[in-house]
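The values are calculated or read from the model by the stated rules, or taken from the named source; none is laboratory data. None of these values were measured; they are calculated from a predicted model. Virtual Cβ from ideal backbone geometry, glycine too; neighbours counted across all protein chains shown. Side chains are part of the model used for accessible areas, which takes the heavy atoms of the whole protein and leaves out ligands, DNA and RNA. Shrake-Rupley method; radii C 1.70, N 1.55, O 1.52, S 1.80 Å.
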Amino acid sequence: MYRFQIIGHTQTGESIGIVGSTPELGLWDITQCVKLNTNADRYPLWYVDTDIKPSLDLADRQKIEYKYVFIDANGIAKWEGLGWNRWIPIDSNCQSSNIVVDDGAFGYLQPYPFGYLEQPAVKNSSDQKYQGLKIVTIGSSVAEGHKAWMFKGWAFQLAEALQKKYGHQLINVSESGANISRTIERFPSVVAPQKPDVVIIALSLGNEGLAYCRPHERRGAQRRFESGLQQLVKMTRALGARPILGGIYPHGDYNSEHYWLLRDTHQRMLNWGVPVLDWLEVLDDGQGRWKQGISFDPSHPNTIGHNLMYGAIDLNLFAIDKEELAREKQYFSQPEEVIVYSDKSGFQVSACLEEQRLRIVNSSPYNYTIAPYWQAMQTALKNQAGLMRGIYIAKHLDSGRLPFFAVGENGAIETTVEVPAGVELEYTSAFSLFAPNNSQLLFYDGNLGILKLDDRRLWIINESDKEYNIQPMWKEVRNLLKVMPSGVYEDPLHPDAPFRTMMVGKGGLESRVKAPPKSAVLFEYKCQLSDISRVAIVPLGDRCAVRMMLYKMEYDGPAFPFDLTRTTKIGDVADAIESGFYDMWNPAFLHYSPEAGRIYHSKWSGLSFAHEVEETDDPVNNMYPVYERMRQRYTARSERFWYALKHSDKVLFARTGIADRNGAIDLIHKLEYRCQGKPFQLLLLSPQSSDEFAGIDRVLHYNVEFNPDRMYEDLGHWMYCTDVMRGILESIGISSKNLFWCPPNIPKNQ
């Protein structure tokens, strides 16, 4: 009995049929096609059971050919498409078993069929004696034999060949859909009990989601896969078995970037010192996709593809005797540390290649500095340590000692390591952190990695030679950090350093943090957000000087209403805030001056705009695009203004330019009404006597001048002004540790 099944999407009244070269399938008469069945539970899968018997006038073995047809609501049948016929072999030896013929998707004609026994025969492996090694294969559906006829894929063929040639036993514990995480999870229960001599680890980047994940997630999928493979290699060696890696293979939906990542991983695997079953050359079409005619679907090879995979395996890899394995087991059970450098004073550096570990012992009374210019040390590291490229992290994080260092492509240390007298330091590669069982990889772009260790700790690892600025306007990173519990996280080794305080809310990242070049920074949970008082800095004009200085301090975020305007009158600011800003972008009050190249406001005569007209606009003849753009921009900026007032713990309003006492008092009154009891201060920065504002509650005045025109012309002056502004903010207790960062897009109902 054969069950033919196919995926077919239809509408009500439509159906799928099958017609072929045997009487049971209508002898190619489309009007005699056999209709398939489906139901609500199985749709869009269509299926039919039919009993096909081999012809008496042929040998015991033959094949039948067939195609599916689409039957419309009127009963009219149409062939599924041009091209070759589908076919299956008819084996008289299988007539007692029900065979499921899985034909994939309607209209996608397979060059080689896929079928399997509905109830596979149970084999008792204990009945057969094996004189050779026990080999376990653990992988995913391709290793299981999916899409090869009767599941006789590369692993099945390898098992037969190894038993015949060497007397080895191959046990396949692969699982359809398994990825790195699932395989690491299964390994102790399905591999370890077998007590194998050899373990073949055969997984794919496809099951890590590489083909369909978003572009910024691809490097993370690659790094997680590679680190997980190395973890499985360690787990194999811990059993005393020899690891062999199944090579990676194509995917029908890979593009040029996927292909680059595929080749990149392939080359790295070849350099790990572990045997690799190299399949890429025989399967790849040169663009990361399957060669013509060897795949069943985007993810799987067909029988032909499996045959090619088996044919690419060098059986001599398995010409192993048990004495050789015993020596190998002994070697890896006690990983050897190689002394890389030693002097007569008690300073020694040793390395363990298998564990990617570097140990530094300084029993001398002197401090040492390992730096790129220490040529003898660097040469020894390159020649003997075998360190892989990347960041190495200290086993114990202690204040006053470097928690990390970076290794370059040549195996030398690229950063400076200070080694105090009388210490023993141990560093291991951060690469192992990327394995699924060691952390949850939140983000990786090829340089920056963000990894969650648990609900209280996460690592930020920067492998590049550039500083990474991680801030709430980085949408992907902001959202990914939602997995961390809301709260304040700090670098335990440098809690007072700028931008080493991470604030996480329900919407994810709510502060700016920095990752220095070639670094690893640990952030640990410190307290709830409500345990600190976060201050929002909101500029109120008179020009963009405050915004410019906040930008250089890196305290800036998305714009507020007055950030990019000119407001010469403090009274206009007070009125705009009192009225809720709407008239700020009301076209009835806006007019463009070609001579000045600015938009002026007729209601608030001190208000004008210089950054709203773009090169493609025609403001003299058509201001509508400008008005619409201003409506969108200033609506968003006003929403941020109110959000900051509502959600921060305290507000610092900052304004430059000459002001008068009565205007300041009026502004304070209107801010009091809008803040509704929220603590706030008004910081006035203008070249006038502070006596003008003496005794006004909530007002701080500094007799300074911040001219944005001069800042633009002179970077040195801009930086000088920024240092002055930073000092003012620090004097009133504001730093990156308690700054409120307003989100760029205000959440609804906020």
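How much length, in nm to one decimal, is gained on full extension between S345 and Y551, taken as 0.36 nm per residue of separation minus their Cα-Cα distance?
69.1 nm
So how far, in whole Å, is the C-alpha centre of the range 476-551 from the one of the range 134-172?
53 Å
Would you please give the FRET efficiency between M719 and D253, computed as 1/(1 + (r/R0)^6) with r the Cβ-Cβ distance and R0 = 51 Å, to the nearest 0.05?
0.55
Please list, in order along the range 652-662, the HN-Hα scalar couplings obtained from phi with the Karplus expression 6.51 cos²θ - 1.76 cosθ + 1.60 (θ = phi - 60°), rounded to whole Hz, x for Gly and Pro.
Result, ordered by residue: 10, 8, 10, 9, 9, x, 4, 9, 10, 4, 5 Hz.
Whole number in Å², please: accessible area per residue of the chain, 1.4 Å probe, ligands, DNA and RNA not counted.
45 Å²
What do you reckon, how do M388, M725 stack up by accessible area (1.4 Å probe), largest on top?
Ranked from most to least accessible, the order is M388, M725.
How much length, in nm to one decimal, is gained on full extension between K506 and I665, taken as 0.36 nm per residue of separation minus their Cα-Cα distance?
53.5 nm
Extending each Cα 7 Å along its Cβ direction at W272 and D314, get the distance between those two points in nm, one decimal.
The modelled label-to-label distance comes out at 1.8 nm.
What does the highest-first list of 209-215, 521-527, 332-338, 295-301 look like by mean Cβ count within 10 Å?
Ranked from most to least packed, the peptides come out as 295-301, 521-527, 209-215, 332-338.
On C-alpha positions alone, give me the angle between the axis of helix 218-238 and the longest principal axis of the chain, in degrees, nearest 10.
The angle comes out at about 60 degrees.
Students often check this: by mean Cβ neighbours within 10 Å, which of 222-231, 485-494 ranks highest, and how do the rest follow?
222-231, 485-494
Would you mind getting me the FRET efficiency between V282 and R389? Use the beta-carbon distance for r and R0 = 30 Å, nearest 0.05.
0.55
Treating the angle as unsigned and between 0 and 90°, give the value, to the nearest 10°, between the Cα long axis of helix 256-270 and the longest Cα principal axis of the chain.
Compared with the principal axis, the helix lies near 70 degrees.
Which value in nm describes the separation of the simple spin-label points at D465 and K53, placed 7 Å from the Cα toward the beta carbon?
7.8 nm
Can you find, among W154, Y702, P301, the residue sitting farthest towards the positive end of the charge dipole of the chain, where Lys and Arg contribute +1 and Asp and Glu -1 at Cβ?
Toward the positive end, the furthest listed residue is W154.
With the cut-off at 1.5 for a/c, could you classify the range 439-490 from its C-alpha gyration tensor as rounded, prolate or oblate?
prolate
What distance in nm lies between label points placed 7 Å from Cα along the C-beta direction at D398 and R456?
2.2 nm
At R0 = 45 Å, how high is the FRET efficiency between E336 and K475 if r is their beta carbon distance? Nearest 0.05 is fine.
0.40
Using a cut-off of under 20 Å, list every residue of the range 1-32 whose amide N is near the label point 7 Å from the Cα of D72 along the Cα-to-beta-carbon line.
8-19, 30-32
How much length is gained on full extension from Y130 to Y673, taking 0.36 nm per residue of separation minus their Cα-Cα distance?
186.8 nm
At 1.4 Å probe size, with the rest of the protein present, what percent of the exposed accessible area of the range 330-438 is carbon and sulfur atoms?
Of all accessible area on the range 330-438, carbon and sulfur atoms account for 47 percent.
I'd like the carbon and sulfur percentage of the solvent accessible area for the range 147-282, probe radius 1.4 Å, heavy atoms only, ligands and nucleic acids excluded.
Within the range 147-282, the accessible surface is 47 percent carbon and sulfur.
For K526, what residues show an amide H to amide H distance below 5 Å, using hydrogens built from the backbone and excluding near sequence neighbours?
Placed amide hydrogens put V488, Y489, E490 under 5 Å from K526.
Antiparallel versus total DSSP beta bridges in the chain: what percent is that, nearest 5?
75 percent
Given the rule -39500 (n - 2.57) for each run of at least 4 DSSP H residues, summed and divided by the residues of the chain, what is its mean residue ellipticity at 222 nm, to the nearest 500 deg cm²/dmol?
When only DSSP H runs of four or more count, the value is -7500 deg cm²/dmol.
Helix 715-731 versus the longest principal axis of the chain: what angle, 0 to 90°, nearest 10, using Cα atoms?
80 degrees
In whole Hz, with x marking every Gly and Pro, tabulate ³J(HN,Hα) for the range 10-26 from phi via Karplus 6.51 cos²θ - 1.76 cosθ + 1.60, θ = phi - 60°.
9, 9, 4, x, 8, 7, 10, x, 9, 9, x, 8, 10, x, 5, 10, x
Using a 1.4 angstrom probe on the protein heavy atoms only, line up D556, D49 by accessible area, largest first.
Ranked list, largest accessible area first: D49, D556.
Quick query: amide H of E510 versus all other amide H atoms, modeled in the peptide plane; which residues come in under 5 Å with a sequence gap of 5 or more or a different chain?
Answer set, sorted by chain and number: M503, V504, G505.
Measure off, as a whole percent, the carbon and sulfur share of the 1.4 Å-probe accessible area of the range 624-750, all protein chains present.
47 percent
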